[in-house]
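Report on one structure; see the data block that follows.
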């Protein structure tokens, strides 16, 4: 069995934002967008790309919230009505496998202990190896070309 599982982010903090108008969204540093292609709008909740015409929010997200030198945030897309999936251990969906991915491994104190950039098809093997090291508590995946947070890998 693979030692990792990919997790989307919790959709609850974003649900009420969809009811806001564009001016109110701007007050949150967010904006409403509609997908004009079936790729290029990766939802961080569902771990799927939005389809043409789907409504999303583009907004800032603190993906590394702990008070360490690695505290970080960045832009993410969230689809209206998105649900967080429960992926099987070791499953790397097309959302990841079709992109160039930056992998950042952290310990329990949220300090980076390893990092690599891999083609999406190589992510599973890299994660399998990373989680063989007891010091690795979790790995954050980022879309390397745009640098945006993608999802988190945890021990299965």
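Please report the antiparallel percentage of DSSP beta bridges with both residues in the chain, rounded to the nearest 5.
In the chain, DSSP labels about 95 percent of beta bridges as antiparallel.
Put a dot 7 Å past each Cα toward the Cβ at residue 109 and residue 33; how far apart are the dots in nm?
Distance between the two pseudo-spin positions: 3.7 nm.
Considering the chain as a Gaussian network with a 10 Å cut-off on Cα pairs, which listed residue, 32, 80, 135, attains the greatest mean-square fluctuation?
135
Express in whole angstrom the spacing between the alpha-carbon centres of the stretch 10-24 and the stretch 124-156.
About 28 Å separates the Cα centre of the stretch 10-24 from the one of the stretch 124-156.
Could you order the peptides 67-74, 106-113 from most to least packed, using the average number of other C-beta atoms within 10 Å per residue?
Final packing ranking: 106-113, 67-74.
With n ≥ 4 as the cut-off for DSSP H runs, can you work out [θ] at 222 nm for the chain, using -39500 (n - 2.57) per run divided by the number of residues, rounded to the nearest 500?
About -3000 deg cm²/dmol.
A short reminder: the numbers here are calculations on the coordinates, not readings from a lab. From a predicted model like this one, the values you see are computed outputs, not experimental measurements. With ideal geometry, Cβ positions are generated from the backbone for all residues, glycine too; neighbour counts draw on all protein chains shown.
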